[in-house]
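Data block below; observations after.
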Amino acid sequence: MGEDEAIVAKLREVFVARDDTYAIQQADGRYIRIRARLSDNVLHQHLAGKVTVGVYQLDPTTNEVKWICADIDPERTTAVWEAAERIYKESIALFNPEAVILEASRYPDPSAHVWACLKPVLAGLAQTIGKRLLDKAGTPEVELFPKQTDVRGGFGNLVKLPLGLHQREKKWSYILNPEDLSPLPATSLLSVRPATVTQDLK
């Protein structure tokens with residue numbers, strides 16, 4: 001398996017809970033839902049910057065999710081990187097460090113995601129854990145995903161996949177070294193190991 005194929009497979013493993021539909025970011029930053037399966041070819045185009053993919057978080061058949069995401073934007077948080085650092089530290093204290101990703105969603109702008117990558121878990125439990133993480137980090141203003149615990153067969157919210165190009169800002173997403181906030185190669189995604197969540201983590 002080549003490098004890009006391995007990254008595509010990891011994106012699917014870690015972030016994609018449903019692949020029967022997805023969204024594509026438009027030039028103005030908005031998203032349009034695509035009524036088709038999310039193919040590996042589309043994920044390759046995402047890595048190349050030809051399209052930018054957003055994925056719907058909840059599996060509508062089980063209401064399970066594969067991640068918790070803290071979306072830290074300057075519109076809500078004045079000190080983005082300080083907030084991201086606190087959330088990251090609380091996340092690696094709760095989960096194994098290999099399960100947590102610090103991402104600059106449009107590098108080098110102050111806009112960050114902290115992802116806690118999980119084996120599939122009910123959205124309600126993930127949401128409870130996420131709120132606890134934000135509370136311990138002292139960042140209640142940060143936007144948290146999952147927003148829904150039951151999409152009742154619908155779609156719910158989506159989040160842009162890492163490692164893509166923001167179509168409005170024309171800036172790339174990078175996984176960051178948490179020590180100095182420097183960009184890491186895309187292959188750093190391959191070291192991610194989703195954590196197993198139990199009720200006692202609430």
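The values are calculated or read from the model by the stated rules, or taken from the named source; none is laboratory data. Here the structure is a predicted model, which is why all the values come from computation and not from measurement. As a convention, Cβ positions derive from the backbone with ideal geometry for all residues, glycine included, and neighbour counts pool all protein chains shown.
Considering only residues in the stretch 35-84 that are small (Gly, Ala, Ser) and surrounded by fewer than 19 Cβ atoms within 10 Å (Cβ to Cβ), the one that is farthest from residue 5 (Cα to Cα) turns out to be 79. Out of all the residues in the stretch 153-192, which are charged (D, E, K, R) and under 16 Å from residue 27 (Cα atoms)? Listed by number, the residues that qualify are 160, 168, 169, 170, 171. Among the residues of the stretch 132-167, those identified as assigned to a strand (DSSP E or B), within 13 Å of the chain's Cα centre (by Cα) and either at pLDDT below 95 or of a type outside the set (A, V, I, L, M, F, W, C) (or both) are 143, 160. Residues in the stretch 65-101 that are among the β-branched types (Val, Ile, Thr) and modelled with pLDDT under 95: 77, 78. Looking only at residues of the stretch 168-197 that are among the hydrophobic types (A, V, I, L, M, F, W, C) and outside any loop (DSSP other than H, G, I, E, B), we find that the one that is surrounded by the fewest Cβ atoms within 10 Å (Cβ to Cβ) is 190. If you filter the stretch 115-131 down to residues that are among the aliphatic types (A, V, I, L, M), within 16 Å of the chain's Cα centre (by Cα) and part of a helix (DSSP H, G or I), you find that the one that is surrounded by the fewest Cβ atoms within 10 Å (Cβ to Cβ) is 129.
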